[in-house]
1. On a 0 to 90 degree scale, rounded to 10, what angle separates helix 31-48 from the longest Cα axis of the chain?
2. Would you grab the residues whose amide H sits under 5 Å from the one on Tyr11? Only those 5+ places off in sequence or on another chain, please, with H modelled 1.01 Å from N.
3. Give, in nm to one decimal, the length gained when the segment between Lys33 and Glu17 is fully stretched (0.36 nm per residue of separation minus the Cα-Cα distance).
4. Based on the Kirkwood radius over alpha-carbon pairs, what is the Stokes-Einstein translational diffusion coefficient of the chain at 10 °C with 1.306 mPa s viscosity, in µm²/s?
5. Taking R0 as 22 Å, what's the FRET efficiency between Gln47 and Asp4 from their Cβ-Cβ distance, rounded to 0.05?
6. For the chain, with every protein chain kept in place, what is the accessible area per residue (1.4 Å probe, Å²)?
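The values are calculated or read from the model by the stated rules, or taken from the named source; none is laboratory data. Keep in mind it's a predicted model, so treat the numbers as computed, not measured. In this analysis, Cβ positions are derived from the backbone assuming ideal geometry, glycine residues included, and neighbour counts consider all displayed protein chains. Ligands, DNA and RNA are excluded from the accessible area calculation, which covers all protein heavy atoms including side chains. Shrake-Rupley method; radii C 1.70, N 1.55, O 1.52, S 1.80 Å.
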Amino acid sequence: MRPDDEGWTVYAVSTDEPAQVNGVRQTGLDIEKADDLVDLLNRLARQKGGDAST
């Protein structure tokens with residue numbers, strides 16, 4: 001998760017590109033939503049044994 005011009009962007013660690021949820025790039029988020037999304041994506045990645053987005 002990094003600041004951007006409009007808020008915060010959540011990144012996929014494996015690609016260093018903005019994470020996508022249902023085809024929507026996760027950019028310009030407020031800090032609380034971005035932080036919650038990072039937590040959720042990391043939990044899902046651990047359950048699947050895959051890469052995390054941070």
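1. 10 degrees
2. Counting only residues 5 or more places away or on other chains, the set is Arg2, Ala19, Thr54.
3. Gain on stretching Lys33 to Glu17: 4.0 nm.
4. So the translational diffusion coefficient is about 146 µm²/s.
5. The calculated FRET efficiency here is 0.20.
6. 70 Å²
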